[in-house]
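S.K.: Sharing a structure with you now.
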Amino acid sequence: MIRSTHRPLVLLLTCAVAVVMAPAPAQAAPYCGITWGSTAKTATAGDREMVHDVRAGRHACFDRLVIDLNGQDTRFGSFDVGYVPTVREDGSGRSVPVRGAADLQVVVGAPAHDERGEATYRPPSRTEVVDVSGYTTFRQVAWAGSFEGRTTLALGVRARLPFRVFVLPGVAASGEGPRMVVDVAHRW
């Protein structure tokens with residue numbers, strides 16, 4: 001028999017045991033297994049190639065932007081990609097407005113011109129570098145310039161979403177240069 005003076009203690013211990021034994025709430029698995037986050041991604045090894053093309057693609061869980069470099073070098077070592085309040089034009093510093101609720105600044109350490117100043121890549125339109133109409137996440141890809149050995153693009157995104165950046169090496173034997181890939185998830 002439990003004395004009435006001990007009942008509060010027994011009740012407290014019973015509740016504590018129930019809390020400890022209760023199953024942890026289930027956590028949802030990450031969307032498509034994506035665990036990228038939305039902080040800036042950078043690499044600072046030097047590049048010797050030039051921008052050759054910019055293209056985009058749609059995937060089940062993310063939209064993809066690809067920047068191709070030309071030449072025989074298989075490396076792609078310098079980039080800085082991150083969300084900013086507004087992307088600024090290389091050289092002038094003018095704002096590059098893009099559609100979407102978030103601006104992702106994509107900077108590659110490679111110019112879009114050769115050593116004589118001849119363009120190695122000329123966007124079809126400065127405001128619509130790649131047609132991304134109908135994409136889930138991308139809203140616009142705009143040209144922010146190529147200045148002092150670097151090229152900048154403004155990527156308008158639906159919202160500040162997780163993204164990743166990775167580099168695919170080139171294949172010297174085929175003349176295919178390296179590529180930088182920016183994937184932005186469709187949601188968190």
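S.K.: Whole-Hz ³J(HN,Hα) for each residue in the stretch 97-112, computed from phi via Karplus 6.51 cos²θ - 1.76 cosθ + 1.60 with θ = phi - 60°, x for glycine and proline: what do you get?
M.R.: Per residue, the Karplus-derived 3J(HN,Hα) values read x, 9, 5, x, 8, 9, 10, 9, 8, 10, 10, 10, x, 8, x, 9 Hz.
S.K.: Calculate the FRET efficiency for ALA29 and PHE166 from the Cβ-Cβ distance with a Förster distance of 25 Å, rounded to the nearest 0.05.
M.R.: 0.65
S.K.: Tell me the carbon and sulfur percent of the accessible area for the stretch 134-188, rounded to whole percent, probe radius 1.4 Å.
M.R.: Percent of accessible area from carbon and sulfur atoms in the stretch 134-188: 53.
S.K.: Evaluate the charge dipole of the stretch 49-188 about its Cα centre and quote only its size in Debye, nearest 20, assuming +1 on the Cβ of each Lys and Arg and -1 on the Cβ of each Asp and Glu.
M.R.: Charge dipole, the stretch 49-188, about its Cα centre: 680 debye, nearest 20.
S.K.: Can I ask one more? Accessible area per residue, 1.4 Å probe, Å², for the stretch 75-188: what's the number?
M.R.: Computed with neighbouring chains in place, this is 45 Å² per residue.
S.K.: Name the residues of the stretch 52-72 whose amide N is less than 16 Å from a point 7 angstrom out from the Cα of ARG122 along the C-beta direction?
M.R.: Once the point is set 7 Å along Cα→Cβ of ARG122, 52-54 turn out to lie under 16 Å by backbone N, inside the stretch 52-72.
S.K.: Any chance you could run the full-extension gain for CYS61 through LYS41? It's 0.36 nm times the residue separation minus the Cα-Cα distance, nm to one decimal.
M.R.: 5.2 nm
S.K.: How big is the accessible area of VAL167 in square angstrom, nearest 10, if you roll a 1.4 angstrom probe over the protein chains?
M.R.: It works out to around 50 Å².
S.K.: Determine how large the accessible area of GLU89 is when every protein chain is in place; take a 1.4 Å probe and give Å² rounded to the nearest 10.
M.R.: 40 Å²
S.K.: Can I ask one more? Quote the accessible area belonging to ARG58 in square angstrom, nearest 10, computed with a 1.4 Å probe and with ligands, DNA and RNA left uncounted.
M.R.: Its heavy atoms expose roughly 150 Å² to the probe.
The values are calculated or read from the model by the stated rules, or taken from the named source; none is laboratory data. Here the structure is a predicted model, which means the values were calculated and not measured. All Cβ positions, even for glycine, are placed from backbone atoms using ideal geometry, and neighbour counts span all protein chains on display. Just so you know, the surface numbers come from the protein's heavy atoms only, side chains and all, with ligands and any DNA or RNA stripped out. Shrake-Rupley method; radii C 1.70, N 1.55, O 1.52, S 1.80 Å.
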